[in-house]
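Below: one structure, written as structure tokens.
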């Protein structure tokens, strides 16, 4: 149980922390200091490195989460509302990530390769909004994970 919980928490920290860093620190600096070609190439490269970590985090969260619920917490009927909220919020986050990865990120990579900066900017703007939504959900999940048992009982 201890290893599963550790892996679960590390996966959440990597995903949510990565979004926080990208959205709150990297984005404003890149926007203020880089021209569109360099900025769009930077983001395409950052996402290319970060997104495999998100896939690994998703796999880890699903495996460890379900394993803990089914092996240690007595199944879904036995866990509190906070666990159900985390699961459903996690599903929403995963779906948003998959959309980002398979749609606007794919378009961003194509636009950067073709040096179509207007199309790239449009794709990046869509990614920014969706990551902002996912970050907000992720921070709520962290709050639920840390205090939900006490707040929702």
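Within the range 18-35, can you find the residues that are surrounded by fewer than 15 Cβ atoms within 10 Å (Cβ to Cβ) and closer than 19 Å to residue 55 by Cβ?
21
In the range 64-105, which residues are free of Cβ contacts under 8 Å to residues at least 24 places away in the same chain, surrounded by fewer than 16 Cβ atoms within 10 Å (Cβ to Cβ) and part of a helix (DSSP H, G or I)?
Matches in the range 64-105: 66, 70, 84, 88, 91, 95, 98, 102.
Residues of the range 1-26 being in a loop (DSSP other than H, G, I, E, B) and modelled with pLDDT of 95 or more, which ones?
none
If I filter the range 27-42 for residues that are assigned to a helix (DSSP H, G or I), under 30 Å from residue 118 (Cβ atoms), touching a residue at least 60 places away in the same chain (Cβ under 8 Å) and under 14 Å from the mean Cα position of the chain (by Cα), do I get at least one hit?
no
The values are calculated or read from the model by the stated rules, or taken from the named source; none is laboratory data. Model, not experiment: these values are computed from the prediction. So basically every Cβ, Gly included, is an ideal-geometry build from the backbone, and we count neighbours across all protein chains shown.
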